[in-house]
Amino acid sequence: MTETIRARNVILGAGAMGTAAAYHLARRGEPVLIVEQFTPGHARGSSHGAARITRHSYSDPRYARLMLDAFAAWRQLEADSGQCLYIRTGGVSFCPGRHDYAARVAKSLAAIGVVHRQMSGSDWNGLQPEFRLPGDYDVVFEPDAGILSAARALAAQIEMARSLGGNATRVLEGCRVDRIDLDGPRPVLLAGNLRIEAERLVVAAGAWAGRLLPGLDAELRPTRQQVLYMKPADAAAYAIGRFPAFIYIGETPQDAFYGMPDFLATGVKAARHHGPEVDPDLDDREPAHDYAGCVQEFLRRHIPALAEAPIVSQEVCLYTVADDENFRVGPWPGRPDVVLASPCSGHGFKFACLVGRVVADLMMRGETDVDISPWALPARA
């Protein structure tokens, strides 16, 4: 026998985006039903882990400008929850001198009035001796970049949704949705013998979004990401306050790496920005044995002491990648009662709290004062 649940606002997915939407809707007095196939905070998707980099330093000026709103959104959550979730570490972006990435980052920062310094690799090595960049590298340092306490931020969003919403905020865990039916007057989630009818639906299903909305699987590709955590001998040199978050962009899309200082004694984090396509249901999440060497080779050329540091742990997560690396956020074409929230491609977490606000705007008013033109959904036939 089929059981039917009817709800005003249904959010599919309890990751960073889904819990942010729940927090902002509850903040406006709206009831929320969150549907999650695992449990909030699980390690199967893209939102788990100790920390994520946050920064204004984007080579795309549209994203740089949106980060002003994103920082403000996190500050509001910090105030509401009584927690500090952003940790200022500074952030450095660097690239080979013949590449224009750092120059475009500096231009974006100048356009939005964010303090920064552009310099050569030699200049940077003099300021941060842990680095050994080629002298002709182009470097931009942003003092206000930092990290977000990711697991705590996700927990804060769902805790605030429950605190603000009381019994009107519900979480349905262990509920795997097989299909979304958009043929009727209301969106319907079908999960085994359960039928969930929504007045308004947010699809924040991460790596699973592509298989749930028609045609989206061709645009959003789940990929497997792996990160290393290392314990260098001189731990103090890589602590917050001494060692910045870093982003390197080389001359090919696959030549991209990032990292951050030790946080909560997990170790210094470093990873490559790309990975192979996977089926999110079949990936076993065991670290690949040949991956560490790729990251260590990058470190050997740029931060050599880290290349020799013991690897104390490795972590696997998912990116959901769009070909243009833009997000996909907005009403589903022809269905204003369905909003897709897929800030993806490996740089979305820093926008999560802002995306939650945008989604609440779209659900409640059908529009938002945030410029989400970079995130517009492509037209569909």
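Residues in the range 295-381 average 37 Å² of solvent-accessible surface per residue, probe 1.4 Å, ligands and nucleic acids excluded. Calculated FRET efficiency, Ala72 to Arg365, Cβ-Cβ distance, R0 = 25 Å: about 0.85 to the nearest 0.05. The length gained on full extension between Ala103 and Asp181, counted as 0.36 nm times the residue separation minus their Cα-Cα distance, comes to 23.4 nm. In the chain, the longest principal axis of the Cα atoms and the axis of helix 101-112 are about 60 degrees apart. Using only alpha carbons, the range 329-369 has a radius of gyration to Kirkwood radius ratio (Rg to Rh) of 0.98. Semi-axis lengths, largest first, of the ellipsoid equivalent to the chain are 37, 21, 19 Å, with √(5λ) applied to each eigenvalue of the Cα gyration tensor.
Given +1 on the Cβ of Lys and Arg, -1 on the Cβ of Asp and Glu, and no further charges, what dipole in debye does the chain carry about its Cα centre, rounded to the nearest 20? If you can, show how the numbers build up before the last one.
Values: 40 positive and 45 negative charges, 156 e Å.
Here the chain has a charge dipole of around 740 debye.
Report in % the part of the accessible area of the range 172-226 that belongs to carbon and sulfur, leaving out ligands and nucleic acids; probe 1.4 Å. Let's see the in-between values first.
Values: 1020 of 2250 Å².
Exposed carbon and sulfur together represent 45 percent of the surface.
Projected over all directions and averaged, the alpha-carbon convex hull of the range 76-140 occupies 5.6 nm². With Cα atoms defining each centre, the range 83-112 and the range 129-161 are spaced 10 Å apart in the structure.
How big is Rg to Rh over the range 41-104, alpha-carbon atoms, Rh as the Kirkwood inverse-mean-distance radius?
On the way: Rg = 14.9 Å, Rh = 14.2 Å.
Using Cα coordinates only, the ratio equals 1.05.
Direction-averaged shadow area of the convex hull around the Cα atoms of the range 131-265, nm²?
Working: hull surface 53.8 nm².
Result: 13.5 nm².
Between the C-alpha center of the range 193-261 and that of the range 1-51 there is a gap of 18 Å.
Helix 61-81 versus the longest principal axis of the chain: what angle, 0 to 90°, nearest 10, using Cα atoms? Its long axis makes an angle of about 70 degrees.
Between Ala43 and Ala110, the simple spin-label model (points 7 angstrom out along Cα→Cβ) gives 4.5 nm. With a cut-off of 14 Å between beta carbons, the residues surrounding Ala245 carry a summed charge of +2, where Lys and Arg count +1 and Asp and Glu -1. Between 0 and 90 degrees, the angle of helix 352-365 with respect to the longest Cα principal axis of the chain falls at about 30 degrees.
Ranking Cys84, Cys317 from most to least accessible surface, computed with a 1.4 Å probe over the protein chains only, gives Cys84, Cys317.
Return the loop-located GluC sites (Glu not before Pro) in the range 134-239 (DSSP other than H, G, I, E, B) with at most 10 other Cβ atoms within 10 Å of their own Cβ; answer none if there are none.
Working: sites: Glu159, Glu173, Glu197, Glu199, Glu219; in loops: Glu173, Glu219.
Here no loop site has a sparse enough neighbourhood.
Take every DSSP beta bridge with both residues inside the chain and express the antiparallel ones as a percent of the total, to the nearest 5. Show your work: numbers first, answer last.
On the way: 52 of 76 bridges.
Close to 70 percent.
In the full protein context, the range 8-103 carries 33 Å² of accessible surface per residue, based on a 1.4 Å probe and ignoring ligands, DNA and RNA. With bins 10 Å wide beginning at 0, the percent of Cα pairs of the range 243-294 falling in each bin runs 19, 42, 34, 4. Its DSSP H runs of at least 4 residues, each contributing -39,500 (n - 2.57), put the calculated 222 nm mean residue ellipticity of the chain at -8000 deg cm²/dmol, to the nearest 500.
Relative contact order, whole percent, for the range 277-381 stands at 22, derived from Cα pairs under 8 Å and 6 or more residues apart.
Mean sequence separation of contacting Cα pairs (under 8 Å, at least six apart), scaled by the length of the chain, corresponds to a relative contact order of 23 percent. Compute the Kirkwood hydrodynamic radius of the range 59-172, taking the inverse of the mean of 1/r over all pairs of distinct Cα atoms, and give it in Å to one decimal. In the range 59-172 this quantity evaluates to 16.3 Å. Across the accessible surface of the range 10-109, with the other protein chains kept in place and a 1.4 Å probe, carbon and sulfur atoms take up 52 percent. Remark on the range 254-381: ratio of C-alpha radius of gyration to 2.2 N^0.38 Å is 1.34.
The values are calculated or read from the model by the stated rules, or taken from the named source; none is laboratory data. The structure displayed is predicted, hence computed values, not measured ones. Cβ coordinates were reconstructed from backbone atoms using ideal geometry, including for glycine residues, and neighbour counts include every protein chain displayed. When the accessible area is computed, the model is the full protein with side chains, heavy atoms only, and any ligands, DNA or RNA have been set aside. Shrake-Rupley method; radii C 1.70, N 1.55, O 1.52, S 1.80 Å.
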